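Right, one structure below, let's go through it.
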Amino acid sequence: MATPDLVDSAAQAAAAAERPGMVRQLAGNPSVVFGTVVLLFMVVLGLLAPTLGTIDPASIDPVWRNKLPGTERTLTLPSGQDVAFVHRMGTDSLGRDLYSRVIYGARISLIVGIVVAAISIAVGLVIGLLSGYVRWLDGIVMRVMDGLMSIPGILLAIGLVSLWGAGLATVIIAITVPEIPRVVRLVRSIVLSIREEPYVEAAISVGTPLVPILYRHVLPNTIAPLLVQGTYVCASAILLEALLSFLGIGIPPETPTWGNIMAEGRVLFQVFPHNILFPGVFLALTILAVNLLGDGLRDTLDPRMAKRF
Amino acid sequence: MIAFVARRLLATIPVLVMVALFVFLMLRLTPGDPAAIIAGDNATPIQIEEIRERLGLNDPLPTQLAIWAGKLLQGDLGESFFFKKKVTELILQRVEPTLALAASTMIVTLLVAVPLGVIAAYRQGGWIDRAVMGFSVAGFSIPVFVLGYLLIYVFAVELKWFPVQGYKSISAGLWPFLHRLILPSLTLSVIYIALIARITRASVIDVLGEDYIRTARAKGLTNRAVLVKHALRNAAVPIVTIIGIGIALLIGGVVVTESVYNIPGLGRLTVDAVLGRDYPTIQAVILVFSFVYVLINLLIDLSYTLLDPRIRY
């Protein structure tokens, strides 16, 4: 359905990328600005987590379990010194400080989002370029991709995680696999239109080998659409990771991730909703920021697509 | 027409075969020993051997595939490790709540999303339009489980309008059934509404620029007639296409929503199966959901000729 639009928009986006004032255009787009600011905030939280008044997010303290946000106490540091400490977001059912866990949780979400986006774009780009350019491969590759896309993404990820066991690496791969076919299709549709362009025919007729053609003529046309697609992949990866952790089949429960914190808070949710509320707000805000960034990039880089949605 | 239906049916077969092949290979191509993974960390070698035997992992790969495919064609999805039952039986027991949840979500979505999308398109740039677009971005960003707990907290725990969790079969009476279904289907429909309202708006906007809309207005039809009879009818194909593609979203959402609301359906079965390392069940559920997804989209493709008489095959 959207193939001709994607193809057209790809060409326009490539042209847009070369226009001067690109950065200024992006900076003037409220979605891009909001998305970038919130994302940078989360990145800073993740990077500076140990210095933001947090304590060890895994340290269990049964005496101080299930405390409401704002509970004050004295804390004995490992050095033996006593200091005043406030559980800003309360504690969970094992007495772990929720604020520390939520702040540290930003790390996993961002890592998963960025790594999944990078891998699925890289792998999808290679497969898509080959499939679009090597005719005999195309049929086989597209049948495989159709098959993969027919399995709902969450189920595919659940199936893979259940076999590979829980862990950061397995979760990342399991989330990446269902994302790849979408990237392949996008790249392939761009390649199929570009290969008919006069400048590509000219390059072929003067005997340019396949690899330089792909690299010089086809690849640049994929950059803008892939950037947009990459942000959407990132958002869906963050969501899926939290979801797998929440269902108890993702990253091991000791690791503070937003999904794990919520999973832990499920049992006593009716009495202590803060265990689900705080990580939920951070999670939703991060995904919203990535989605808005994607929308803004699409509006700026892909004007034709922007009109449609 | 008949030739088209036949061709479309035939084209679906390779997709189904591919899905089945993936599900089959998922277990077999796992690095390491899948039997040991399924058995868990504390398993004895004898237990591992037993699992390997039950899954038929000792045979060569082509033999395994032949046996597995043969059983699949007879509707035999194997036996659950955890529940000690035929998987087909297990799935049939769990299908009602999932169907109820999916159907009620679909109804809520269509009742809300299509009118919203049409109004937003008609008043493009107005406050309703901006609200609908804002909602659709937000709807995509709030994870289903976060929203689920939020709704439970506000409407069940605080306001006490609904029971907190659980499911009552329709055989227990219509009201108890619906009463427990309202919150879950509202939760699940938000993301779906976000998707459908967006597409409805976009395709109605496209259509509103057509000449026949101007003609319809010129001959003095009311706005309602123009929008419903001319615009929406012509925008139906992309909307229905997205409804079909969105089924994948719905299936994923069912898994999560059933966990949040403690609904004993296929989604809960999936999660329980993963936690119980019940591989035959996981395999079967993935297969069933994917087949349903492919077949619904097949039906939607076939419905295009009904929706738009201009489409001929």
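For segment B:54-69, 3J(HN,Hα) computed residue by residue from phi via the Karplus equation (6.51, -1.76, 1.60; θ = phi - 60°) reads 5, 7, x, 6, 7, 6, x, 3, x, 4, 4, 4, 4, 4, 4, 5 Hz, glycine and proline entered as x. Once the Kirkwood radius over Cα pairs is known for segment B:19-105, the Stokes-Einstein relation at 20 °C and 1.002 mPa s delivers a diffusion coefficient of 144 µm²/s. Once each part is reduced to its C-alpha centroid, what is the distance from segment B:82-101 to segment A:35-60 in angstrom? If you average the Cα positions of each part, the centres end up 43 Å apart. Dividing the helix sum by the residues of chain B, where each DSSP H run of 4 or more adds -39500 (n - 2.57), gives a mean residue ellipticity at 222 nm of -24000 deg cm²/dmol.
Per the Debye formula on identical point scatterers at the alpha carbon atoms of the protein assembly as shown, with no solvent, log10 I(q)/I(0) at q = 0.06, 0.12 Å⁻¹ is -0.35, -1.44. In segment B:122-251, the ratio of gyration radius to Kirkwood radius, Rg to Rh, stands at 1.10 when only Cα atoms are counted.
Taken as Cα centroids, segment B:185-206 and segment A:91-148 sit 25 Å apart, rounded to the nearest whole angstrom. Neighbouring Cβ atoms from other chains, within 10 Å of the Cβ of residues in B:145-153, number 6 on average.
Taking the charge dipole of chain A about its Cα centre, with +1 at Lys and Arg Cβ atoms and -1 at Asp and Glu Cβ atoms, the residue from A:Ile223, A:Leu156, A:Gly80 reaching farthest to the positive side is A:Ile223.
Could you tell me the number of lysine pairs in the protein assembly as shown with C-alpha atoms less than 24 Å from each other, where the two lysines are 8 or more residues apart or belong to different chains? Lysine pairs satisfying the spacing and distance rule in the protein assembly as shown number 7.
Label zone of B:Val157 (point 7 Å out along Cα→Cβ, amide N under 14 Å): in segment A:247-287 this covers A:262-281. Using every pair of distinct Cα positions in segment A:139-198, the Kirkwood expression returns a hydrodynamic radius of 12.9 angstrom. When chain B is treated as a Gaussian network with alpha carbon springs shorter than 10 Å, the biggest mean-square fluctuation among B:Ile38, B:Ile67, B:Ile152 belongs to B:Ile67. On the principal axes of its alpha carbon atoms, segment A:24-136 extends 69, 38, 26 Å, with the longest extent given first.
For the options B:Thr257, B:Thr241, B:Thr44, a Gaussian network treatment of chain B with springs between C-alpha atoms closer than 10 Å singles out B:Thr44 as fluctuating the most.
Here's the picture: charge each Lys and Arg Cβ at +1 and each Asp and Glu Cβ at -1 in chain B, and of B:Ile300, B:Ala284, B:Ala248 the one pushed furthest to the positive end of that dipole is B:Ile300.
Peptides A:138-146, A:161-169, A:280-288, A:229-237, ordered by how many other C-beta atoms sit within 10 Å of their residues on average, highest first, read A:229-237, A:280-288, A:161-169, A:138-146. Each Lys or Arg adds one and each Asp or Glu subtracts one; over the other residues with Cβ under 13 Å from the Cβ of A:Arg182, this totals 0. The charge dipole of segment A:19-306, taken about the Cα centre with unit charges on the Cβ atoms of Lys, Arg (+1) and Asp, Glu (-1), comes to about 340 debye, rounded to the nearest 20. With Cα atoms as the point set, segment A:96-166 shows a radius of gyration and Dmax of 17.4, 57 Å. Helix A:135-149 versus the longest principal axis of chain A: what is the Cα-based angle in degrees, 0 to 90, to the nearest 10? Tilt relative to chain A: about 30 degrees. Expressed in Å, the radius of gyration and Dmax of the Cα atoms of chain B are 23.5, 82. Placing unit charges on the Cβ atoms only, positive for Lys and Arg and negative for Asp and Glu, gives segment A:129-237 a dipole magnitude near 80 debye about its Cα centre.
Taking Cα atoms, how many degrees apart are the long axis of helix B:247-260 and the longest axis of chain B, rounded to 10 and kept between 0 and 90? Once rounded, one gets 60 degrees. Positive-end ranking of A:Leu110, A:Ile204, B:Ala194 along the dipole of the protein assembly as shown, with charges on Cβ about the Cα centre, is headed by B:Ala194. Note: relative contact order over segment A:19-306, using C-alpha pairs below 8 Å and six or more positions apart, is 25 percent. Between helix B:233-245 and chain B there is an angle of about 20 degrees, using the helix long axis and the longest principal axis of the Cα atoms. Within 10 Å of the Cβ of each residue in A:161-168, the mean number of Cβ atoms contributed by other protein chains is 5.
In terms of the Cα gyration tensor, with a ≥ b ≥ c the square roots of its eigenvalues, is segment A:19-306 rounded because a/c is under 1.5, prolate because a/b exceeds b/c, or oblate? Prolate, because a/c is 1.5 or more and a/b exceeds b/c.
Remark: the protein assembly as shown carries a charge dipole of roughly 1740 debye about the Cα centre, counting +1 on each Lys and Arg Cβ and -1 on each Asp and Glu Cβ.
The Cβ shell under 12 Å around B:Ile46 holds other residues with a net charge of -2, Lys and Arg each +1, Asp and Glu each -1.
Here, each number is a calculation from the coordinates, and none is a lab measurement. Since this is a predicted model, take the numbers as computed values, not measurements. Please note: Cβ atoms are built from the backbone with ideal geometry, for glycine as well, and neighbour counts cover all protein chains shown.
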